[in-house]
Amino acid sequence: MELRLTPVQVRNRLILVARRIVADHRLDAEGICRTCGVLHCEALAAARGYLARVEEPRRPLVVEIHRRAAVPPPGVTATELRIAAAALPSDAES
């Protein structure tokens with residue numbers, strides 16, 4: 001039997017595993033990992049790094065592009081932009 005997972009299922013499982021690693025690899029008062037017994041636990045660092053990358057909210061790029069395109073540069077009016085756009089040849093628009 002072949003197990004097939006969607007990318008969302010793989011991401012969710014990786015998040016669960018990373019959270020479990022963070023829960024299991026707690027540091028004591030001296031900063032030593034209780035599971036590994038080392039001062040700098042690489043498993044804990046990797047799990048925290050993964051969770052920081054995955055769980056941070058990302059702003060969509062479309063909003064940024066739209067916002068920049070909707071506001072004319074300083075010193076240029078919207079009317080001047082319309083006149084310049086109308087003066088462009090039809091093949092230059094693409």
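The values are calculated or read from the model by the stated rules, or taken from the named source; none is laboratory data. Just so you know, these numbers come straight off a predicted model, no measurement behind them. FYI the Cβ positions are ideal-geometry reconstructions off the backbone, even for glycines, and counts take in every protein chain you see.
Details
- Enumeration of residues in the stretch 6-33 that are touching a His at 6+ places or on another chain (Cβ under 9 Å) and either within 12 Å of Val54 (Cβ to Cβ) or modelled with pLDDT of 90 or more (or both): Cys33
- Sole residue being in a loop (DSSP other than H, G, I, E, B) and either at pLDDT below 70 or of a type in the set (Ser, Thr, Tyr) (or both), chosen from Pro57, Pro74: Pro57
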